[in-house]
Every structure is written in C-alpha cells, then in structure tokens.
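Undergrad: Okay, handing you the structure first.
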Amino acid sequence: MRFVVVKRRAIIIAVIAAVVLALAMTGVYYTGAAAIYNNVSPKKVPIYSVETDEKAVALTFDAAWGADKTLGILETLEEKDACATFFLVSFWAEKYEKELKKLSESDRIEIGTHSATHPYMSKLSGEKMALELSTSKSLIERISGRKVELFRPPYGDYSDAVLSTAKDQGLYTIQWDVDSLDWKGLSKEQIASRVVGNCKNGSIVLMHNDGKHTLDALPAIIDGLRAKGFKFKTVGDLIYRDNYTIDHTGRQIRS
C-alpha cells in the first residue's frame, strides 16, 4: 500500500511539473509569436529597407580608403540623371577634401557618416561611440557645408547601445538589403546582375566608391533598374522620419 501511495505522489508531482513547464513555454512562445504577429523586432534594429508602394531604390557608396573612382561615380550619376548617398569615414574626408567638396556641390548627392576611424562600434565604450559619431559628423559638416543625418556602422556592426547613441545625436542608422559584393572583386556584369536582380521597392543598395569594378558596373545598374520601372532616391528621401516601426528584418514600415 505504501508503494502505491508513493508512486501516486510521484505521478502527481510529475504532472504538476509538466503543467508548469508547459505554461512557461507557452508564455515564452506567446511573447515571441506576438512580436512576429506585430511584425516588430523585440530589439533595436537599423533600417535595412523601406516598405513602400513606390518603385524606388537608394544607391549608396561607402568611402573609407581610396578615391580615384569617386568623381567618375559622380559623373555617371549626373549623366544618368540618378542620385546616391555617400557614407564617409572622417580620415577619408580629411584626406580627400577636394573630392568631398565636389560631392557636396552636387544636388544628386547626399552625405552621411561612416564613423571617424572605421572601428567595430559595438566593441567601444559609450564615450568612444559618441566620440566616433560627433567628431565625424562635425568634420564632414565643416568640409561639405551639409548637415549630416545618416550613419552607417562600419562592417555593418551594431548593438542597441550603438543605435541609441546614434539616435541621441540625431542620426538614423542605415544598413542595406542588397549587397553588390563589389569589394570582392566581382566583374562588372556580376555586380550589375546582383543589384538589378535583387532590388525591390524600398531597397537600399550597398556599394563602395573604391570597388575594383563598381564604376564600370554603375551604368548597367542604373539602366537595368530603370528598365524595371525603378526610380532613384537618396536614403534621406526614401526613409520615413517619424511615425514608423522597424520589423525583425530591418524593414521600415509606416505606422
């Protein structure tokens, strides 16, 4: 009889434990499901693309090292009646002040910061994060005469702290959803195919001003996207400035 009682108690305890575990798992699942249902990321996410009915894309160029193709990119954009956003590192802006001034003189070019020294931002202290942004922003604004409102983290590396620091300085943090992979030395045909084939409404395209074949690929990219009905906007004109959410993929959605 004692064996039966003990066994019955063990069964009851096991059932209670199973119920508690199931409720706990349900709570976790519900929280995650709610976030997915609402299509909003539970953590901070930069803007990778924009939800829009308009067939518009934004071409972007990161500038951190060389500059020999920069004015060629600018000339191509002007000849093709297109626009783009350049994200500049401070030491690039200082070294290539002439190129920066040429970019700033064009109404087809928007200028953002790519940090001061091109570090992995998430590994910095809060103080150094803020310094990277404030010094680069000030230097670029001084040389270009343009207000800087956009920031692209080097290496695409970010954290909640990085995003909060950028926001505190009035900066929108921008990533990309179409990677040209021009930094890998792809041919101009491969670069153009990747960009034209992967763009959708509200896409942000990542390229580099010193990519080996970026300049050669640019005319085909512009012509190819235009043939598919896309028009070109700067990132600043593409994104929403208020009343928006960002889903778990980084897509910015009008509230």
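The values are calculated or read from the model by the stated rules, or taken from the named source; none is laboratory data. If you're wondering where the values come from, they're calculated on a predicted model, not measured in any experiment. Heads up: the accessible areas ignore ligands, DNA and RNA and are worked out on the full protein's heavy atoms, side chains in. Shrake-Rupley method; radii C 1.70, N 1.55, O 1.52, S 1.80 Å.
Undergrad: I'm trying to understand the selection: among the residues of region 124-155, which are open to solvent by less than 30 Å² (accessible area, probe 1.4 Å) and basic (Lys, Arg)?
TA: Arg152, the sole residue that qualifies.
Undergrad: Could you please give the count of residues in region 189-227 that are open to solvent by 20 Å² or more (accessible area, probe 1.4 Å) and part of a strand (DSSP E or B)?
TA: So the answer is 1.
Undergrad: Tally time: how many residues in region 39-65 are assigned to a loop (DSSP other than H, G, I, E, B) and at pLDDT 95 or above?
TA: Total meeting the criteria: 9.
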